[in-house]
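Participant: Starting off with a structure, shown below.
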Amino acid sequence: MKKLLLLSLAGLLLATTACKREQRSQSTGWGYNSQEWGGFEKLPNYKGQITGPNLVLIEGGTFNMGQTEEDVMKDYRAAPRRQSLASFYMDETEVTNIDWLEYLYYLRRVYPSMPQVHMQALPDTLAWLDELSYNTPYVENYLRHPAYEDYPVVGVTWLQANEFCKWRSDRVNEMLLIEQGKIDPTSIEGQQGENTFSTGSYLSGIYQAQPGPKPAVNPATGEERAVRFEDGIMLPEYQLPTEAQWEFAALALLGNQSAARDENITDRRIYPWDGTTVRYPQHGRYQGAIVANFKRGRGDYMGMSGALNDNASITAPVRSFVPNDFGLYNMAGNVNEWVRDVYRPTTSLTLEDNNELNSFRGNVFTQVERNSNGTPVGVDSIGRLKYKPLDDNEIKDRRNFTKSNVINYGDGDIESRLNYGDSKLNNETKHMYQFGKHSLISDKARVYKGGSWADRAYWLSPGQRRFLDEDKASATIGFRCSMLRVGSPSGNRFKGGNQIKTRKKRTKRKF
């Protein structure tokens, strides 16, 4: 009888615990993850966005974006203005030669019948050549020799850098699914051409992966299913950082905030470090050492033999010199870095160009191409979902935007507008660049920042900005990737918003 009584009590306790643990909707009261209540799934123990390979969390905030030293050219291309940014992730280092060689190897392995895919990804090694210098050895050695594997990749166009970001996003998400046992790792061997894993094709059900040892399960029915984006396993896509993101991450004003909660910046920064000098200021072994890779003066790329000032005639390994207060290496010097923005010289001067939150110029809004039943039409030749610009006729009456291509919003780049099929040059036209006549600015002009091994210290300031066409490359330009932070801006240990707990006042009842 005692055993029966104990078993009954244990069963009652388990039933009571199960009822308490059952999650219910706060809007309808219906139970989650229960077939009895319809089977709607809610992730029970989501712990937050994981940090992808080589990424560092950059907690967002407000800062003065733009020039922090004298505008010696008097062109007002980076006039200071107040800006706020959502939190994001940034690569700790620039993308390296070994990273790019891995990318090239994948393209050869997975697309053997499409050699043009591999050819289009090759860096322009001829970017090293100059009429009056002997740089031929870099053409032959810099990308592929193991001595340079940890050096930043150069000679890549803005377009090539974007393709790398897409490829990296898919490979990281595929790796996460394999590591968590959701898909079978042997599926890698069978991929080729259109039958290739991409995040979009997998989530839409076009790419069918073999389930792994720990497949995703519907908690309501116990049946196996494919992983969904709602499962929180996959990461948002890697992208080039926006100009605002890059500049915020480079300045790293986190280290210059006052100790009190008064939201004050104690010192402005010209460079990604404190002070007005490019030498290490602290007493000790490294005092006076150059803290970035740049050209010190005419004909001086690394100093005198026996006392090399930056120990690098061209680029240096990506984990050289001193990281900034976010832990990012070479946000000044080594190589300039592509950012996502289309270049406009007046970005900081006009209201249209200066959105106060997550400022960016370069949007072309797109959507997945779908059949009449709403399913994707399929994938392209390399296995990615097909996208198309939003239909202008469908969005013309919207209040937040009225065109799918808004690169020229409020701008007036006449020739570029005509090239994009826009013949309606309205009263918003304020500037006329006349590409090829008075400037080289067009919708292909993309911003790069940071200064390089071949630049003077003036260009190391994060507020400085220059441009190059998106299909051009240089031996002084590389890049790094960023990623959106989803959820709490301060990381997984903290909830979003101020969690203020107050004591409830007890009220006396009057009878």
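The values are calculated or read from the model by the stated rules, or taken from the named source; none is laboratory data. Given the structure is predicted, the values throughout are model-derived calculations rather than measurements. No Cβ is skipped: glycine too gets one built from the backbone with ideal geometry, and neighbour counts run over all protein chains shown. To get the accessible areas, we keep the full protein, side chains included, count just its heavy atoms, and leave off ligands, DNA and RNA. Shrake-Rupley method; radii C 1.70, N 1.55, O 1.52, S 1.80 Å.
Participant: Once label points are set 7 Å from the Cα along Cα→Cβ at both residue 217 and residue 370, what is their separation, rounded to one decimal in nm?
Facilitator: Taking the simple label geometry, residue 217 and residue 370 are separated by 3.2 nm.
Participant: Between residue 122 and residue 225, what length in nm is gained on full extension when 0.36 nm per residue of separation is reduced by their alpha carbon distance?
Facilitator: 33.2 nm
Participant: While we're on this one: Which percent of the accessible heavy-atom area of region 83-224 goes to carbon and sulfur, probe 1.4 angstrom?
Facilitator: Here it works out to 51 percent.
Participant: I want to verify the translational diffusion coefficient of region 292-412 in µm²/s; compute it with Stokes-Einstein, Rh as the Kirkwood radius over Cα pairs, at 4 °C and 1.567 mPa s.
Facilitator: The Stokes-Einstein estimate is 67 µm²/s.
Participant: Which far-off residues, 5 or more places away or on another chain, put their amide H under 5 Å from the one on residue 366, with H placed in the peptide plane?
Facilitator: It is 390, by chain and number.
Participant: What does the charge count around residue 251 come to, taking other residues whose C-beta lies under 10 Å from its C-beta (Lys +1, Arg +1, Asp -1, Glu -1)?
Facilitator: Here the count lands on 0.
Participant: For 230, 22, give the ranking by accessible area with the largest first, probe 1.4 Å.
Facilitator: The residues order as 230, 22, largest area first.
Participant: Quick one: order 168, 493 from most to least accessible surface, probe 1.4 Å.
Facilitator: So, going from the largest accessible area down, we get 493, 168.
Participant: Over the heavy atoms of residue 459, what accessible area does a 1.4 Å probe trace out, to the nearest 10 Å²?
Facilitator: 50
Participant: Highest mean first, how do 472-483, 364-375, 188-199 rank when packing is the count of other Cβ atoms within 10 Å averaged over residues?
Facilitator: With the highest mean Cβ count within 10 Å placed first, the list reads 472-483, 188-199, 364-375.
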